[in-house]
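Notes for the one structure printed next.
The values are calculated or read from the model by the stated rules, or taken from the named source; none is laboratory data. In this text the structure is predicted, and so the values were computed from the model without any measurement. A quick note on method: Cβ atoms are made from the backbone with ideal geometry, for glycine too, and the neighbour counts reach across all protein chains shown.
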Amino acid sequence: MSFRYAIEGIISAIRSEKHLRFHIVIANLICVFAYFYGISKAEWATLILCIVAVISAELLNTAVEKAVDTATCEINQLAKLSKDASAGAVLALSIGAILVGVCLFGDFAKIGATLLHIFTDFRILIPCLMLGILDIVFLVFGGKNDR
């Protein structure tokens, strides 16, 4: 049952938090790019670890925000500090993930060649565009009760 509750918690957070959906969309696009860029198994492991860390931080941030909102309806400096600190954790991990991305994808010539390959081969471009459209739909319409 605990596994089921965990899945329900993830789905609930995805529905209620646009930032979480944004992180998932960006992770999806980066994974597609990484596939065509041709990163190694170790680089995939690093990329996946960064993605899971950022998404986990966003889930924890959501949990902290909901818990604080449940505890008090009043404007409270400690409640603000808790929410700001948990949001700061997401920001710090996101910046770290971006820096890892710079290390993984720092070859500008290879970035250009990869993008040229994607945008000039319609067998690749069409599915990528369709995935991009699905990502936009997920981001915009994938939630309920957004603040």
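Just a few scattered comments:
- Scanning the stretch 55-99 for residues that are in contact (Cβ under 8 Å) with a residue 12 or more places away in the chain and in contact with a Lys or Arg (Cβ under 9 Å, 6 or more places away or on another chain), we see that the one that is farthest from residue 14 (Cα to Cα) is 68.
- Residues that are in contact (Cβ under 8 Å) with a residue 24 or more places away in the chain, aliphatic (A, V, I, L, M) and in a helix (DSSP H, G or I), drawn from the stretch 20-49: 20, 24, 25, 27, 29, 30, 32, 34, 47
- Looking only at the stretch 113-123, and only at residues there that are over 23 Å from the mean Cα position of the chain (by Cα) and assigned to a helix (DSSP H, G or I), the one that is surrounded by the fewest Cβ atoms within 10 Å (Cβ to Cβ): 123
- Subset of the stretch 11-49 that is among the small types (Gly, Ala, Ser) and at pLDDT below 95 - its residue that is farthest from residue 95 (Cα to Cα): 12
- Single match in 116, 91 (criterion: within 15 Å of residue 34 (Cα to Cα), of a type in the set (A, V, I, L, M) and out of contact with any Phe, Trp or Tyr (no Cβ under 8 Å at 6 or more places or on another chain)): 116
- Top-ranked residue of the stretch 1-19 - restricted to ones that are aliphatic (A, V, I, L, M) and without any contact (Cβ under 8 Å) to a residue 60 or more places away in the chain, ranked as nearest to residue 67 (Cα to Cα): 13
- Comparison of 86, 82 shows that the only residue that is of a type in the set (S, T, N, Q), more than 17 Å from the chain's Cα centre (by Cα) and assigned to a helix (DSSP H, G or I) is 82.
- Given (1) in contact (Cβ under 8 Å) with a residue 12 or more places away in the chain; (2) surrounded by 11 or more Cβ atoms within 10 Å (Cβ to Cβ); (3) within 22 Å of residue 17 (Cβ to Cβ), index of the condition residue 134 fails: (1)
- When the stretch 1-19 is filtered for residues that are outside any helix (DSSP H, G or I) and surrounded by 10 or more Cβ atoms within 10 Å (Cβ to Cβ), only 17 remains.
- Residues located in the stretch 25-47, provided they are farther than 18 Å from residue 131 by Cβ and surrounded by 13 or more Cβ atoms within 10 Å (Cβ to Cβ): 39, 43, 44, 46
To keep it simple, each residue is scored yes or no on (1) within 26 Å of residue 138 (Cβ to Cβ); (2) of a type outside the set (S, T, N, Q).
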residue: 27; (1), (2): yes, yes
residue: 40; (1), (2): no, no
residue: 48; (1), (2): yes, yes
residue: 58; (1), (2): yes, yes
residue: 64; (1), (2): yes, yes
residue: 67; (1), (2): no, yes
residue: 80; (1), (2): no, yes
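- Boolean, residue 102 is in contact with a helix residue (DSSP H, G or I) (Cβ under 7 Å, 6 or more places away or on another chain), in a helix (DSSP H, G or I) and not polar (S, T, N, Q): no
- Among the residues of the stretch 119-131, the ones that are farther than 29 Å from residue 16 by Cβ, of a type in the set (A, V, I, L, M) and without any contact (Cβ under 8 Å) to a residue 12 or more places away in the chain come to 2 in all.
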